[in-house]
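Enquirer: The structure under discussion is supplied below as structure tokens; questions concerning it will follow.
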Amino acid sequence: NSGIGVCVGDGCPDEKLQYGLEAAKACGYVARNGDSSGAAFFLKPYPLEVLKKRVELIKDTASFIGMDIDSYNILTMRKLVNLEKKTASDLKAFRNLFEQPFVIKGVFTAEDVELVKQIKPDVVFISNHGGRIETRVGSSAEFLVNYGEELKKYCKEIWIDGGIRTKEDVQTALYFGADRVLLARPIISALTKGGKEEVEKLISLLVD
């Protein structure tokens, strides 16, 4: 109701994607390519055959479809599911599975920047999975400052997450080149603390 877009991710257990999809459908989301208030779906870097099945599940609901390219590095996922480090060729094959704008999520290293240059996705999502990725030391804000201008040459939008908590954080991200900011923990905390009213208070502090 506040015009905030929704993100849905898959993971372990497999039912996680189904729960998110059901929630998105219950909220009335349908596939509207690039709709700013639509639902973005992010899939882990599974083998292509698994990804094909998951794209079929979400393609009628998603406004954006992306891949968490960094999540093969998450320690808690490593022994639970079969994730792969995707090449440019792999990502192009994934991109060909759907018509929605394509998001590369988890861009956080110089190697990732080179991948973006080859793929030229619709959206680059700067993220280090809340500091859970074993790649490099640093913040998403620092990465945006250092690489945002270069990345913008190879995509239409830059999204970012990571410790965004205040209106000033949002403004800083936009100032340094982000088109959208994403945050989950504050909204989840507000929802469990006080339901809809508490979420509305939080959103008003971020955007007013």
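Enquirer: Between a first residue in segment 18-29 that is within 15 Å of V55 (Cα to Cα) and a second residue that is open to solvent by less than 50 Å² (accessible area, probe 1.4 Å) and part of a helix (DSSP H, G or I), which pairs have beta carbons less than 8 Å apart while being 6 or more apart in sequence or on different chains?
Expert: L21/I58
Enquirer: For S37, all conditions in the list (1) in contact with a Gly (Cβ under 7 Å, 6 or more places away or on another chain); (2) under 21 Å from R95 (Cβ atoms); (3) among the small types (G, A, S) hold save one; what is the number of the exception?
Expert: (2)
Enquirer: Name the residue that is farthest from I158 (Cα to Cα), counting only residues in segment 37-54 that are out of contact with any helix residue (DSSP H, G or I) (no Cβ under 8 Å at 6 or more places or on another chain) and in contact (Cβ under 8 Å) with a residue 40 or more places away in the chain.
Expert: Filtering segment 37-54 down to residues out of contact with any helix residue (DSSP H, G or I) (no Cβ under 8 Å at 6 or more places or on another chain) leaves 37-38, 40, 42, 47, 49-50, 52-53.
After this cut, where a residue has to be in contact (Cβ under 8 Å) with a residue 40 or more places away in the chain as well, the list is 40, 42, 52.
On the way: A40: 14, F42: 15, K52: 26 Å.
The selected residue is K52.
Enquirer: Is there any pair linking a residue in segment 171-184 that is closer than 15 Å to N146 by Cβ to one that is part of a loop (DSSP other than H, G, I, E, B) and modelled with pLDDT under 95, with Cβ under 9 Å and at least six apart or on different chains, and which?
Expert: Here the result reads T172/I164; A173/I164, each pair linking segment 171-184 to a residue that is part of a loop (DSSP other than H, G, I, E, B) and modelled with pLDDT under 95.
Enquirer: Follow-up. Residues of segment 143-168 being within 18 Å of the chain's Cα centre (by Cα) and of a type in the set (D, E), which ones?
Expert: Within segment 143-168, E157, D161 meet the criteria.
Enquirer: A further question follows. Of all residues being assigned to a helix (DSSP H, G or I) and at pLDDT below 95 in segment 113-138, which is least open to solvent (accessible area, probe 1.4 Å)? Just the residue, please.
Expert: Applying the first criterion (assigned to a helix (DSSP H, G or I)) to segment 113-138 yields 113-119, 129-131.
Narrowing the set further to residues that are at pLDDT below 95 leaves 129-131.
Details: H129: 23, G130: 51, G131: 54 Å².
Filtering first and then ranking leaves H129.
Enquirer: On the basis of being out of contact with any strand residue (DSSP E or B) (no Cβ under 9 Å at 6 or more places or on another chain), more than 23 Å from G106 (Cβ to Cβ) and not β-branched (V, I, T), does L183 make the cut? Explain how you work it out, then say what you get.
Expert: Numbers: out of contact with any strand residue (DSSP E or B) (no Cβ under 9 Å at 6 or more places or on another chain): yes; more than 23 Å from G106 (Cβ to Cβ): no; not β-branched (V, I, T): yes.
Answer is no for this residue.
Enquirer: For segment 167-208, which positions are exposed (fewer than 12 other Cβ atoms within 10 Å of the Cβ) and outside any helix (DSSP H, G or I)?
Expert: Correct list: D208 only.
Enquirer: How about segment 142-166: which of its residues are surrounded by fewer than 19 Cβ atoms within 10 Å (Cβ to Cβ), assigned to a helix (DSSP H, G or I) and either in contact (Cβ under 8 Å) with a residue 24 or more places away in the chain or among the aliphatic types (A, V, I, L, M) (or both)?
Expert: Result: V145, G148, E149, E150, K152, Y154.
The values are calculated or read from the model by the stated rules, or taken from the named source; none is laboratory data. Only a predicted model underlies this, so the values are computations on that prediction, with no experimental measurement involved. Glycine also receives a Cβ, built like all others from the backbone with ideal geometry; neighbour counts cover every protein chain displayed. Side chains included, ligands, DNA and RNA excluded: accessible areas come from the protein's heavy atoms. Shrake-Rupley method; radii C 1.70, N 1.55, O 1.52, S 1.80 Å.
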